[in-house]
Amino acid sequence: MKNILVIGSAGQIGSELVPALREKGYFVVAGTSGRTPLPAHLADGPTAIVNLLDHDALLGTVDRFRVDTVFNLAAILSATAESKPLAAWDVGVNGVLNLLELARDRRLSVFTPSSIGVFGPETPHAATPQDTVCRPRTMYGITKVAGELLSDYYRNKYGVDARSLRYPGLISYVTPPGGGTTDYAVDIYWKAVQNGAYECPIAAGTFMPMMFMPDALRAAVELMEADASHLRHFNSFNVHALSFDPEALAASIRRRLPDFRLSYKVNPLLQDIAESWPDALDDTAARSEWGWRPQYGLDAMTDIMLDEIAKRIGKNA
Ligand code: NAD
Ligand code: SER
């Protein structure tokens, strides 16, 4: 891994992955579809307009910058995908296939995140095993299962170096999340600092797996840097860090903001999806095959989230 293209750099993960990779000394092209403006902080290195579905543009960028590794972050997340299922299929399946074909031709390494969205109501919810039932009810989840299978197919049949993680809900403060079921766990921090109160669309008692962005970035880089001979699962590894419900998150916030108020207006679409997802993942395979360890617990993440958001809106937290 030397010359990297990040597709979907303007999103929640990409806006932080590009600088993290550049800080490690990699040459990184920040790709954006052109519809979402690239954040200013990514302009300190090369950039390119890259639509995952545009084979020629993708090929041109890969050849121009001698790219050997692609982090493909383009997707339509779970909640938004339910109102745009065909577009979600297009980017999540046809886009991945397009990239895998290019990877086969140009011998690229490819990272396309999967998600807890691959699981469904029949999956065991407690310590969800690595190898288990993957029968999602959402279009997002269906695209992620297809993406995992396609990536393993290209790996086994053509020797493409495709690797992936099943990310939990990701929590960060740099760029807002892009329309997922787990977004409440980001919104709650902003509203806590701004208004001291939050109306939650997910019901009390609904546990989901979550992770702070620095852990998620490190996981992606460590997986792509791992010696392939030590890996067995490839597409896709469970990775676990945190599991909480809205009440536990509010309690963590109240350590710092004792007057914080949490109320509920449950969104049935989000709640249905949330209930179909695991509470927590068994990530033994990631731990044993490439040494995965999360670093951030709930309260440590809360402290950083509140401090960073307060700085950004000029308020004390
Ligand atoms: P995001 O929605 O914040 O960003 C995705 C970016 O992709 C956007 O900037 C969008 O404009 C771009 N994009 C969409 N279609 C494109 C196309 N055809 N060509 C090029 N770019 C396109 O998403 P994210 O949160 O950064 O997620 C990145 C990846 O990680 C996705 O595969 C997502 O499913 C996965 N993931 C995210 C989370 C999370 O909590 N954020 C959790 C699990 C998995
Ligand atoms: N955070 C993502 C979502 O809710 C999980 O893949 O869609």
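Coordinate-derived values only; no laboratory data. Bear in mind that the values here come from a model prediction, so they are computed numbers and not experimental data. Using ideal geometry, Cβ is built from the backbone for each residue, glycine included, and neighbour counts are taken over all protein chains shown.
Under a no-solvent Debye model with one identical scatterer per Cα of segment 45-154, what's log10 I(q)/I(0) at q = 0.15, 0.18 Å⁻¹? Computed log10 I(q)/I(0) values: -0.67, -0.89. Amide hydrogen proximity for Arg261: with H placed 1.01 Å from N in the peptide plane, the residues at 5 or more positions away or on another chain lying under 5 Å are Ala197, Tyr198. Distant-in-sequence amide contacts of Val239, defined by a placed amide H-H separation under 5 Å and a gap of 5 or more residues or a different chain, comprise Arg166.
Where q = 0.16 Å⁻¹, what log10 of I(q)/I(0) comes from the Debye formula for the chain, counting one point per Cα? Here the Debye-derived log intensity ratios amount to -1.40. For the peptides 92-102, 150-160, residues were scored by their other Cβ atoms within 10 Å and the scores averaged per peptide; the highest-first order is 92-102, 150-160. For the chain, the share of DSSP beta bridges that are antiparallel, to the nearest 5, is 10%. Give the aspartates and glutamates whose C-alpha is closer than 19 Å to that of Lys191, dropping any in the same chain fewer than 8 places away, or say none. List returned: Asp183, Glu199, Asp245, Glu247, Asp259, Asp299, Asp303, Asp307, Glu308. In this structure, the residue pairs whose Cα-Cα separation is over 27 Å, taken from Lys84/Lys311; Lys84/Lys265; Lys84/Lys144, are Lys84/Lys311. Shown here: segment 172-218, whose C-alpha atoms stretch 32, 25, 17 Å along the first, second and third principal axes, sorted largest to smallest.
Here the peptides 111-122, 285-296 are ranked by packing, the mean other Cβ count within 10 Å, and the order with the highest first is 111-122, 285-296. Span-like helix criteria (full DSSP H runs; alpha carbon extent of at least 20 Å along the helix axis; mean Kyte-Doolittle hydropathy of at least -1.0) are satisfied in the chain by 139-158, 298-313. Summary of packing: across the peptides 260-271, 19-30, the per-residue average of other C-beta atoms within 10 Å ranks them, highest first, as 19-30, 260-271. Here the average projected area of the convex hull drawn through the C-alpha atoms of segment 29-88 stands at 4.9 nm².
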